[in-house]
Amino acid sequence: MKLKDQKVWERITAGDGTVLSELYDSIGSKLFSLSFKILGDRWDAEEVVQDAFTTLWKKPQSFDPRKGKLTSWLMVLVRNRSVDRYRSRKRRKDTTSIEVSLEIQPVDENIDVATSASHADEKRLLGSAIQKLPEKQLSVLKLSYFKGLTHPEIAKELGVSLGTVKSRIRLGVEKLRNSLPESLR
Amino acid sequence: MLELEQKLIDYSLGILSSKESREVESLIAKDKQVAKLFSGVQDSFCLLGNSARTTKVSDDLKSRVMEICESPKKKSLGFLDKLLPVSPYLPNSRYAGGGGSVDLSDLGNGDLKDKINRLYESMLVLRSLVSGTSSAAEGDLSELCKSAESISLNVPAHNSICSNGVSAVPHEEAIQSFLRTQLTSLPSMGYFLSKIHGKGGSSSDVRRLFYLCRDQMKIMRASFGDLDGDLLADDEKMRLHGAGLLKTKWWGAQHSYYSRAGKVKCGYFFEGPVTERCVEFAEYDSNLYSLANLLGSRSENGEFQIDLDNANVPGCVLATLTATTSSKKHTVLKNTFNKKHNREILNEDNYLVHLVKSSVSRAFKLSTSCEAFSKKYIGCERTGNQTILWFVWPSVLDSQGGGEATTSSPLQ
C-alpha cells in the first residue's frame, strides 16, 4: 500500500478527524460521481458516500492495509453499495431504468480550475484507455460494474455463455490496467 | 491463475456467495501473492470508477461527513434511568404499525376529506420537484420556487386546527389520522417552502424538503388506507428500517414548528433495526416529529438533540430528545404531558402529546393512552436547564444489523 494511504489509515484508526477532511477533499467528489452515475439520484448518492465515510471512521478495521489501497477500497465499497441500492429500488419498482454510459464526459465547468486541469488529464487518459477496449469487453464491463448485473444476467442479456462473460470481464480489467501509465495504476 | 483472478474479480464485484467470499478472504489473508493480485484488481475497478463523469457535490455533504467525527458516545441518562420502565409489557406478537388507519370516509361529510386529497396531490407534485433527479437537486430552484407558494397553501396555519371542524369528526381514530397528517412533518415543510418561495432557499433546504415530503406521504398513507392503495401495499411489506436511516435524515437538518428553525443534532444512535415495515416507520416518524415539534419550539436556541438506544429499556428502543429550555417553558410542556385527556382540549400541543400517547399505547397494547405516560413509556422531565422528552418502542426481534434491504458487500 502506498505510504500516503497507509498514513491516512493509521491516523483514522487513531481517531484523527483532520485526516478525514483531507481524504474527503481528495476523493469525495470521485466517490460521489461514481455513485451518482450508478444511481442517477443525488440524494441517494450522497447517502451512499456519507455511509462509506461513516463505515471507515467507525470501523477502520473493516479495511485491511495488506489487501490494497485505501482509496481503491473506498471506490469499490461505494460502487457495491450503490449497486445494492439500485437493485433494491428496482425490486420495489420505484424507479425507471437508468441508462448508463461509459463515455468520458467533459469535466464539469464548476470544478475549480486547478483541480480540473489534473482531473481533465486523468479523464483523457482514462477515456483513451476505455475507448481502446474491444466493444465486447466494454459492454460486459458496463453491465457488470455500473449496472450491477450478475454474470448469468449478463449472459442472458447478451446471448453468450457464462464463461464468455467471465473472460471478457477479466480481459477487460487487465487491458484497462495495463494500458494506463504507472502513475494512474 | 486465471481462475483465481476471476474469483478475485467476482469477489470485488460482490457477486460471490457468503461461503465463497469467506474462502477468498482466507486466501487473501494467507498468501501475499494473492493479496497483491487482489490489490491490482481493486485498482483496476477504481480506475473504472474514476471514469464516471465528475459531478458537483453539494457544499454541505462535507460538513455532514465531518460531523461523523463528532459523533458522541452513549451518554448516561442519570436520573432518567430510574424512571424508565424496568420490565415493559411486550406483547407476544410485535406491533408493526398500521394501527389507527382509517378510510377517508370516516372523516364525515365536511371538507376535511378534500383537504387530505388536495394535500396528498400537492405532495405528489412536490416530490417530483425535490427528488434527487430534479433540477432543484442540481441547484436550479426556479421551478420549485414557482410551485412553492401554491403547495404551501395546503399547510395549515399555526393554531388553526382547532377551528377547522376536526372536533366534529365522530371517530376518534379518524381525528388522530387527520391530526397526524397536519401536525407532524407538515409544519416544518411549510417553513422550508416559505423560505424557498422567498428566494432564500439552498440545495440543503431542497434535500430537507425531500425527506419531509417522503415522510409526509408515508404518514398520510399509513393514516388513510384508501388514499393511495398501490403505494400503501408496498409500505406494508416487511422491510427493516435501521436507526441509521433516521440518523441520515435528521443529521445536520434544520427543523421548525411555527418558529425559527433550529439545528438538529444527532447524538448516540445504536446500530440496528427500529421498525419492520414502512407503515410502522411512518408511525415511529410521526412520534419523533410530534416530540420534535413540542421541544424544538420551546428550545432556547431552536436546537435539540436526538438519541436512540436499545440498551436502556429491556426489549425496547428508547428515543430521547433533549434541548435547553427555560423553566417556565418546561413547566408548560410538563403540564401538557400530565393532562389525562389531551384529546378533549382543543390545543395543538395537547394533540401532539395525545398522538404519541395513543401510538405508544397501541404498540404495547396498553388499556388506555394515559397508561403510556403513567408507566413512563413516554415522558417529559428536566435536568439542570434541559428538558428531555422520550418515548419507548418495542425492539425488532432477531435483528441482523439493521439497514434497509441491502446485501452486505464483501468489503465491509
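Readers should treat all values here as calculations from the given coordinates under stated rules, not as data from a laboratory. Keep in mind it's a predicted model, so treat the numbers as computed, not measured. Every residue, glycine among them, receives a Cβ derived from its backbone with ideal geometry; neighbour counts consider all protein chains shown.
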Residues with amide H under 5 Å from that of B:C316, placed H, sequence gap 5 or more: B:S395
Rg/Rh ratio calculated on Cα atoms of region A:1-97 (Kirkwood radius): 1.02
Binned Cα-Cα distance frequencies in chain B - 10 Å width, integer %: 4, 20, 29, 24, 13, 7, 2, 0
Region B:230-334 shape via C-alpha gyration tensor axes, a/c threshold 1.5: prolate
Cα centroid of region A:164-179 to Cα centroid of region B:260-332, whole Å: 51 Å
Separation of alpha-carbon centers, region B:81-120 and region B:226-248, rounded to whole Å: 15 Å
Ratio of Rg to Rh over region B:30-78 (Cα coordinates, Kirkwood Rh, two decimals): 1.27
B:D59 paired with B:R382, simple spin-label distance in nm, labels 7 Å along Cα-to-beta-carbon: 3.9 nm
Amide H contacts under 5 Å for B:R239, placed H, 5+ residues apart: B:R277, B:C278
Phi-based couplings in Hz for region B:198-210 (Karplus 6.51, -1.76, 1.60; Gly and Pro marked x): x, 6, x, x, 9, 5, 5, 5, 5, 4, 4, 4, 4
Scattering curve values for the protein assembly as shown, log₁₀ I(q)/I(0), Debye with Cα scatterers, q = 0.10 Å⁻¹: -0.91
For region B:382-390, Karplus couplings with θ = phi - 60° (6.51, -1.76, 1.60), whole Hz, Gly/Pro x: 10, 9, x, 9, 10, 9, 10, 10, 8
B:S259-A:K59 pseudo-label distance in nm [points 7 Å out on the Cα-to-Cβ vector]: 3.9 nm
Positive dipole terminus of the protein assembly as shown, leading residue within B:T336, B:I68, B:Y120 (C-beta point charges): B:I68
Neighbour count of at most 11 Cβ within 10 Å plus DSSP loop: longest trypsin sites (Lys or Arg not before Pro)-free window in chain B: B:200-339
B:L397 versus A:R91: modelled label distance in nm, points set 7 Å from Cα along the beta carbon direction: 2.3 nm
Residue with peak Gaussian network fluctuation, chain B [Cα springs, cutoff 10 Å], from B:Y268, B:Y120, B:Y89: B:Y89
From phi via Karplus (6.51, -1.76, 1.60), per-residue ³J(HN,Hα) for region B:11-23 in Hz, x at Gly/Pro: 5, 5, 7, x, 10, 7, 6, 4, 5, 5, 4, 5, 5
Sequence-distant residues sharing a close amide H with B:F269 (under 5 Å, placed H): B:L308
Order of B:D285, B:D228 under a 10 Å beta carbon neighbour criterion, fewest first: B:D228, B:D285
Residue (of B:G98, B:T54, B:L355) at the positive-pole extreme of the protein assembly as shown, dipole from beta-carbon charges: B:T54
log10 of Debye I(q)/I(0), alpha-carbon scatterers only, for region B:2-50 at 0.15, 0.24 Å⁻¹: -0.35, -0.87
Residues in region A:24-38 reached by a label modelled at A:K7 [backbone nitrogen below 16 Å; 7 Å Cα→Cβ]: A:24, A:26
Considering only region B:63-394, percent of DSSP beta bridges that pair antiparallel, nearest 5: 85 percent
